[in-house]
Each structure stands twice: as structure tokens, then as C-alpha cells.
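Report on the structure given below.
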Amino acid sequence: MRLLLLRHGHAEAWASADHERQLTEKGRQQLRSVLEQSRGRPIAGQGLVSPYLRARQSVTEFVSFYPQLSFEETPLLSPDTPVSELLPLLQRQQPGQDLILVGHNPLLSSLLALLLASERDSLRHMGTANMACLQTDVVEPSSAELEYFLEP
């Protein structure tokens, strides 16, 4: 399976509540840059997104490049969700079914570090609007290979 991780673009520094922070124009430009780089790569599968506004706005940019995709919200992609709570969802995926996750740090960086088999690659950090594509047969620690990593 391919597991595509996308961290939301640059967002406002603060809002009345963290989940209400919006993407900035810089964040939208970052996302467009990464999505443009992703053209021609295989991107398909079920999409899941954090319920936080900046992640949902990032999905709007994603779908403008890949209109065939749809996304479902899940609180399991909220920033402070422990990786251990997200893993069962990933492990229930059908073999060969690709999955796209749009969310936040520290969750996405922690997931990337846990799944990557290469020590060098496991040190990667998911900056804003970074996209990582992992290839794995099973969702277990150190089981995945990094297919590509895109930055704005």
C-alpha cells in the first residue's frame, strides 16, 4: 500500500481556538508548490483529514489538483493524537488500498519516524506543506520505504 502524508500549509499564528486557525496565503502557495511537484505521481486512495480548519482548507487545495479524490474527517488526525491511537485504523486497511492522510505535527512526524525502515529517512521532519509517500506491505514500525518526499 501507499501511504501519503500531507501536513497542512502555513497557518495563522493564533485564533480564538487552535482548531480555528486558517491557512495563510503563504500556506496556500506552499501547498500549490508541493501539489504541482506531485503531478505525474500515483496519487489515489481513500482520503482522511483532521477536523481542524487549516487541514480542511489544505484538502480544498489538494482536491483542486486531484478532483477525483474525496476526504473524510477523523479526529484521529488531530495534532496531539498519539500514533498508537492512529495505527489500528491504518492496520485495518485492505492490502493494496492506498491511503492519504492530511493533518498536523507532532502526529505526522511521529508516524513518519515510526514507519520508516531507513534510519536516515526516519529523522525527517514534516514541515508545513510537506508531502511524504511511503510504500509498505504492512503497517508496523520500521516497515515502510520512502518513495518520495516533497517540500515547497
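The values are calculated or read from the model by the stated rules, or taken from the named source; none is laboratory data. Predicted, not measured: the structure shown is a model, and the values here were computed from it. Note that we place each Cβ from the backbone using ideal geometry, even for glycine, and neighbour counts take in every protein chain shown.
Only residues that are touching a residue at least 12 places away in the same chain (Cβ under 8 Å) and farther than 20 Å from MET131 by Cα were counted in the stretch 16-27, giving 4.
When the stretch 44-61 is limited to residues that are of a type in the set (Ser, Thr, Tyr) and in a helix (DSSP H, G or I), the one that is farthest from LEU101 (Cα to Cα) turns out to be THR60.
With the requirement that a residue be modelled with pLDDT of 90 or more and part of a loop (DSSP other than H, G, I, E, B), what does the stretch 113-136 give you? Passing the criteria: MET126, GLY127, THR128, ALA129, ASN130, THR136.
I want to confirm something. Restricting to the stretch 14-48 and keeping residues that are over 26 Å from ALA113 (Cβ atoms) and among the hydrophobic types (A, V, I, L, M, F, W, C), which single residue is surrounded by the most Cβ atoms within 10 Å (Cβ to Cβ)? If we take residues in the stretch 14-48 being over 26 Å from ALA113 (Cβ atoms) and among the hydrophobic types (A, V, I, L, M, F, W, C), then ALA15 is surrounded by the most Cβ atoms within 10 Å (Cβ to Cβ).
For GLU61, state whether it is over 25 Å from SER143 (Cα atoms) and in contact with a Leu (Cβ under 7 Å, 6 or more places away or on another chain). Considered against the rule, which asks whether it is over 25 Å from SER143 (Cα atoms) and in contact with a Leu (Cβ under 7 Å, 6 or more places away or on another chain), GLU61 comes out as yes.
With respect to SER64, is the statement that it is in contact with a Lys or Arg (Cβ under 8 Å, 6 or more places away or on another chain), hydroxyl-bearing (Ser, Thr, Tyr), under 30 Å from SER16 (Cβ atoms) and outside any strand (DSSP E or B) true? When the stated conditions are applied, SER64 does not pass them.
Among the residues of the stretch 8-43, which ones are aliphatic (A, V, I, L, M), more than 13 Å from the chain's Cα centre (by Cα) and assigned to a loop (DSSP other than H, G, I, E, B)? If the condition is that a residue be aliphatic (A, V, I, L, M), more than 13 Å from the chain's Cα centre (by Cα) and assigned to a loop (DSSP other than H, G, I, E, B), then ALA13, ALA15, ALA17 are the ones that fit. Taking the conditions (1) touching a residue at least 60 places away in the same chain (Cβ under 8 Å); (2) part of a helix (DSSP H, G or I); (3) closer than 21 Å to GLU145 by Cβ; (4) in contact with a helix residue (DSSP H, G or I) (Cβ under 6 Å, 6 or more places away or on another chain) in turn, SER110 satisfies each one other than (1). Scoring GLN94 on the criteria (1) touching a Phe, Trp or Tyr at 6+ places or on another chain (Cβ under 6 Å); (2) in a loop (DSSP other than H, G, I, E, B) leaves a single failure, condition (1).
Out of LEU86, LEU5, LEU69, I need the residue that is surrounded by 15 or more Cβ atoms within 10 Å (Cβ to Cβ) and in a helix (DSSP H, G or I). Which one? Before you say what the answer is, go through the steps one by one.
Numbers: LEU5 fails: in a helix (DSSP H, G or I); LEU69 fails: in a helix (DSSP H, G or I).
Selected residue: LEU86, the only one of LEU86, LEU5, LEU69 that is surrounded by 15 or more Cβ atoms within 10 Å (Cβ to Cβ) and in a helix (DSSP H, G or I).
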